[in-house]
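Written out below as structure tokens is the structure these notes cover.
The values are calculated or read from the model by the stated rules, or taken from the named source; none is laboratory data. This one's a predicted model, so the numbers in the text were calculated from it and none came from an experiment. Counting neighbours? That spans all protein chains shown, and the Cβs are built from the backbone with ideal geometry, glycine included. With ligands, DNA and RNA removed, areas are computed over all heavy atoms of the protein, side chains included. Shrake-Rupley method; radii C 1.70, N 1.55, O 1.52, S 1.80 Å.
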2 protein chains.
Amino acid sequence: MAPVKNGRYLFNEIPTGYPVPGKTTIYDESETIDLDNVPLNGGVLVKILVLSIDPYMRGRMRSPENKSYVEPFKLGEPLANSGVGVVLRSEAPNVKPGDHLYGFYRFQQYDVITDVKSFRVLENKEGLPWSVYLGVAGMPGETAWYAWQEYAEAKKGDTVFVTTGAGITVIQIAKAAGLKVIGSAGSDEKVEFMKTIGADVVFNYKTTKASDVLEKEGPINIYWDNVGGEQLEAAIEYAAPGARFIECGMISGYNTTDHYHVKNLFKIVTKQLHFHGFIVGFLRHKYVDEFYSSFVGRVARGEIKYKEHKLYGLDKAGEGILDVQSGKNFGKCVIVVAEE
Amino acid sequence: MAPVKNGRYLFNEIPTGYPVPGKTTIYDESETIDLDNVPLNGGVLVKILVLSIDPYMRGRMRSPENKSYVEPFKLGEPLANSGVGVVLRSEAPNVKPGDHLYGFYRFQQYDVITDVKSFRVLENKEGLPWSVYLGVAGMPGETAWYAWQEYAEAKKGDTVFVTTGAGITVIQIAKAAGLKVIGSAGSDEKVEFMKTIGADVVFNYKTTKASDVLEKEGPINIYWDNVGGEQLEAAIEYAAPGARFIECGMISGYNTTDHYHVKNLFKIVTKQLHFHGFIVGFLRHKYVDEFYSSFVGRVARGEIKYKEHKLYGLDKAGEGILDVQSGKNFGKCVIVVAEE
């Protein structure tokens, strides 16, 4: 077979505010790949099916001088994130054509993977759509499950305040554990969905002040933070003594240099608050087997519900990134690169 | 014996900035007490010898509407804090005249105590001056010892950054545990003392930027925070992944409504930092016996050094409070109310 087009989605320019598709990132079709003959060097050739778009990707769109927990994207190179692909050819032991590999992919249609060990062969006995392994049965689900196990110290009757993002899964874990759940999101549609999956109190943070809600419905024992800023300040203000703050993200500050001034930090002392920042990868070793053996089954049985925000075509990656940063997505954002 | 004067030090006015002696607080000599005949109601009559002045007292000089972990002082009533007094008369079981009671006293020369159980009889086999039981062998020492045990997760070779305050004790605990210690204080004299008790790197935060020092000497694994604000921001910036932040106080924000804007809070997430606010009283039950049986002995043997800032006469309490809030004190501030 003649070489085929191998579309790639490249990092093109460091953004100062929101990333702009076609400027910050561009779709490129200049490369081709010979699927029959490309050398594998002991690895595998994969056709990528789905790629995940996550909030933290904004943090990689930075200048290399700024250190952080993940490497910055390289200008002119493809973006990268978790995805699922199907193996076309293999020279790797224990991996055969037709296997589905979950792991960290460059944003392109096809790729040769040599560090096969860092990928996981998905059995998928549950028959879930592959995209679900990027969401509630993947990294975002792991994020919710691992950090809740590690830091929530949840007791029946506790009150938790969950902000948007990984929020949907956390709400369901918390409800199943017998907690009162307060949820916030940035659109009425999301707020309504939070209600349908069991949140006791919900509000749209764009039209209602978190502090007003928490004053009435708090104090809170657990705060699941995806946004930082004004909602973090409100959570501190209405935290019960000894409350746990699970610091998963602070998206409100990602696209601006004008950070909200949280003015009540000294209450961390007086209320004896515990803040736990975390990166899901560092908790994985402790909980990953339980996650795949037990939590994914709860998803397949419909006990844990989810929403997806699917965009079709690798060229839509930039749009997906902007949707996630601006909160336009409703559910886990996934780029469908190819059908199987 | 005729009634004698019973001087009291009263809360007079809610301050907006630094508390002003003679305005925020006033010394009052209008009351007398009949030491021979005052009814004890099953309690004890105590002559107060020493009273402690601590940073957190500023937080009690507030309007009652503002909730916090300790009750506000009442206008027109004496201040209160820990102290040591000698028993003059007793109707309480297990307490006899001549015993020394450590506990929470109103700021006056004599007082009748009825909740005797909340006080501790100091054996003082070590023969330490009573004032030491308000400092390194009292609440500030407990603060350092308890929170270090509970939250530091110190490993030999770790680097800790300690800000002034309980800092002197923490520095010595950390050095004894084999850590590299960076210390900051607000005067060259304090900085020099930190050096003599073993700190490896010291600086005056009024003339040197914490961020410059930490950039060179960090990253830090543990931050002992007594000040908040700009030093907290620098500590976040130069924290190692997974660092522990022991949030003991944020004095930089106590006397102003114009709080420093800590702009890098999102790094709590990316660096996986753990913040632990705490109030010493809530850790006491876990460590208090070990404290008196082991730590106080280390003080008596000179293994743990200390400094005192003594003021003589109850009428000097307001001055002591201002010294502590403005950082003028060098060492633990104690009011010597009476000689034995």
For this session: Please say if region B:178-260 is rounded, prolate or oblate, where rounded means a/c under 1.5 for a ≥ b ≥ c the square roots of the C-alpha gyration tensor eigenvalues, and otherwise the choice is prolate for a/b larger than b/c and oblate otherwise?
Result: oblate
Seminar exercise, completed: Ranked output for segments B:74-84, A:174-184, B:285-295 by mean other Cβ atoms within 10 Å, highest leading, reads A:174-184, B:74-84, B:285-295
For this session: Place the label 7 angstrom along Cα→C-beta at A:Ile14 and in each other copy, then list the distances from the first to the rest in nm, shortest first.
Result: 4.7
Exercise. How large is ³J(HN,Hα), in whole Hz, for each residue of region B:56-63 in order, when computed from phi with the Karplus curve 6.51 cos²θ - 1.76 cosθ + 1.60 and θ = phi - 60°, using x for Gly and Pro?
Worked result: 5, 4, 4, x, 8, 8, 9, 6
Problem set entry | Distance (nanometres) between label positions extended 7 Å along Cα→Cβ at B:Lys286 and B:Asp115 | 2.4
Seminar exercise, completed: For region A:144-151, in residue order, the Karplus 3J(HN,Hα) values (coefficients 6.51, -1.76, 1.60; θ = phi - 60°; whole Hz; Gly and Pro = x) are 5, 5, 5, 5, 5, 4, 7, 10
Seminar exercise, completed: Subtracting the Cα-Cα distance of B:Ala338 and B:Ser293 from 0.36 nm times their residue separation yields 13.4 nm
Problem set entry | Nearest-20 debye value, the protein assembly as shown charge dipole, Cβ charges on Lys, Arg, Asp, Glu | 480
Seminar exercise, completed: Mean Cβ-within-10 Å packing, highest first, puts peptides A:192-203, A:11-22 in the order A:192-203, A:11-22
Exercise. Taking a label point 7 Å from Cα toward Cβ, how far is B:Pro39 from its twins in the other copies, in nm, shortest first?
Worked result: 10.1
Exercise. What share of the DSSP beta bridges in chain B is antiparallel, in percent to the nearest 5?
Worked result: 55
Seminar exercise, completed: The answer for B:Tyr105, listing residues at least 5 apart or on another chain whose modeled amide H is closer than 5 Å to its amide H, is B:Asn81, B:Ser82, B:Gly83
For this session: On a 0 to 90° scale, report how tilted helix B:167-176 is relative to the longest principal axis of chain B, with both axes built from alpha carbons and the result rounded to the nearest 10.
Result: 60
Exercise. How big is the B/A interface in buried accessible area, both sides summed, 1.4 Å probe, to the nearest 100 Å²?
Worked result: 2400
Exercise. Just the accessible area for A:Tyr306, please: 1.4 Å probe, Å², rounded to the nearest 10?
Worked result: 80
Seminar exercise, completed: Helix A:280-290 sits off the longest principal axis of the Cα atoms of chain A, rounded to the nearest 10 on a 0 to 90 degree scale, by 80
Seminar exercise, completed: One decimal, nm, nearest first: from B:Asp188 to the same residue in each other copy, label points 7 Å out along Cα→Cβ, the values are 6.7
Problem set entry | Average other protein chain Cβ within 10 Å of Cβ, residues A:259-265 | 6
Seminar exercise, completed: Per-residue ellipticity at 222 nm attributable to helices in chain B (runs of n ≥ 4 DSSP H, -39500 (n - 2.57) apiece, nearest 500 deg cm²/dmol) works out to -6500 deg cm²/dmol
Problem set entry | 10 Å Cβ neighbours from other chains, averaged over peptide A:274-287 | 4
For this session: Treat each spin label as a single point 7 Å out from the Cα along the C-beta direction, and report the B:Glu215 to A:Ser68 distance in nm.
Result: 2.0
For this session: State the Cα centre-to-centre distance between region A:259-309 and region B:225-240 in whole Å.
Result: 25
Problem set entry | Centre separation in Å (Cα based) which lies between region B:71-132 and region A:101-127 | 69
For this session: Quick one: dipole size for region B:25-97, taken about the Cα centre, charges +1 on Lys/Arg Cβ and -1 on Asp/Glu Cβ, in debye to the nearest 20.
Result: 360
Exercise. Which value, in debye to the nearest 20, gives the size of the charge dipole of region A:139-281 about its Cα centre, when Lys and Arg are +1 and Asp and Glu are -1 at the Cβ?
Worked result: 300
Problem set entry | Overall form of region B:139-281 per C-alpha gyration tensor (a/c, 1.5; a/b vs b/c) | rounded
For this session: Roll a 1.4 Å probe over the protein chains and send me the accessible area per residue for region B:235-325 in Å².
Result: 41
Problem set entry | Average beta-carbon neighbours from other chains, 10 Å sphere, peptide B:97-110 | 0
Seminar exercise, completed: Where a ≥ b ≥ c are root eigenvalues of the Cα gyration tensor, a/c under 1.5 meaning rounded, otherwise prolate if a/b exceeds b/c and oblate otherwise, the protein assembly as shown counts as prolate
Exercise. Using a 1.4 angstrom probe with every protein chain in place, what is the largest-first accessible-area order of A:Trp148, A:Trp224, A:Trp130?
Worked result: A:Trp130, A:Trp148, A:Trp224
Seminar exercise, completed: For chain B, the accessible surface attributable to carbon and sulfur atoms (probe 1.4 angstrom, ligands and nucleic acids excluded) amounts in percent to 51
For this session: Could you pull out which residues in region A:296-316 have an amide N less than 17 Å from a spot 7 Å beyond the Cα of A:Ala176, following the Cα-Cβ vector?
Result: A:296-307
Problem set entry | Amide H within-cut-off set for B:Leu35, under 5 Å, with H built and near neighbours excluded | B:Val4
Problem set entry | Residues with amide H under 5 Å from that of B:Glu77, placed H, sequence gap 5 or more | B:Phe11
